[in-house]
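Colleague: First the structure, which I've put down as structure tokens, then a few questions once you've had a look.
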Amino acid sequence: MFQLSGKVAIVTGGGQGIGEAIALGLARAGADVALAARSADKIAAVADQVRALGRRAAAIVTDVTDAASIRNLVDETRRQLGGVDILVNNAGAMYTPEFRRLPFMELSADEFDANIALNLKSVFLVSQAAVPAMLERGGGAIVNISSTAARSGEPPQFGTAVYSAAKAGVVAFTRCMAMELGPAIRVNCILPGPTNNPATRNRPAHVLKVIQDATALGRAGEPEDIAGAVVYFASDASKWTTGASLDVDGGLRSLRPPSSSSRPK
């Protein structure tokens, strides 16, 4: 039920962290994988790991906020791997050099637009480009990666309002996509909780303690924890599931609320 032999998957943000783990998880299940990200070196390294597992891989430099770049991603995936059966919209970020972690009152409109473009509009653009290729092969599965921030923001600190709003939009968009694309294409969503990745692996000790105390399983997630859920949604194991949103968060209850000193004056 979890076998993906003969399938071709696109994974955006596939050069590191959760995206890398997803790509390798899909490959272990039998899929060939097209890796999309802005860093050529990173996706090339993951592509080598996919090939070491005996699967085909394509490393395609892509800006998921640019329609022309996305069209190239789909065209190159079809050319190099033969088509598209699975799309994982994983690209996104809470922190980038462009995104300052500030209360929303201090953000510019340009910063708002950039955050929405990376974390929400990209799901629209990549899906719109990939769906025709998926229909050519009879359908498939789309898995959107949101965040538990979609439900409650990302305490215990301020500065994630736009990110949280974008990730909430991914959840709503998933349900609408599922209605519009069924029965040929199933669309589901995963909401990771606090997960170790290159941007967060060096969290301060007090932040790690907050996460440990807030999760039933007593730890932050690992990228491989998310990959398993993606394989489920991509495979026939979930063939009667669409429009669903799954929290993969270690039993996250609630993170400590922000202290009064962290609130904007």
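Throughout, read-outs are computed from the coordinates displayed, never taken from laboratory work. The model shown is predicted, which means the values in this text are computed figures rather than measured ones. When we count neighbours, we look across all protein chains shown, and the Cβ atoms used for this are built from the backbone with ideal geometry, even at glycine.
Colleague: Describe numerically, in nm with one decimal, the distance between label points set 7 Å from Cα along Cα→Cβ at His206 and at Gln80.
Modeller: 4.5
Colleague: So which aspartates and glutamates pass the test for Lys209, namely a Cα distance under 17 Å, with those fewer than 8 places away in the same chain ruled out?
Modeller: Within the straight-line cut-off, Lys209 pairs with Glu154, Glu222, Asp249.
Colleague: If the viscosity is 1.306 mPa s and the temperature 10 °C, what translational diffusion coefficient in µm²/s does Stokes-Einstein give for the chain when Rh comes from Kirkwood over Cα pairs?
Modeller: Numbers: Rh = 18.5 Å.
Answer, rounded: 86 µm²/s.
Colleague: Please tell me the relative contact order of the chain in percent, rounded to the nearest whole number, where contacts are Cα pairs under 8 Å and at least six residues apart.
Modeller: Details: 565 pairs, mean separation 53.8, N = 265.
The normalised contact order for the chain reaches 20 percent.
Colleague: Let me ask something else about it. Can you tell me which lysines have their Cα less than 27 Å from the Cα of Lys7? Leave out same-chain residues fewer than eight positions away.
Modeller: Of all the lysines, those that pass the test against Lys7 - Cα under 27 Å, at least 8 places apart if same chain - are Lys42, Lys121, Lys239.
Colleague: For Val210, Val230, what's the fewest-to-most ordering of other Cβ within 10 Å of each Cβ?
Modeller: Val210, Val230
Colleague: Just to confirm my numbers, what's the Cα centroid distance between the range 3-23 and the range 38-108 in Å?
Modeller: Result: 10 Å between the Cα centres.
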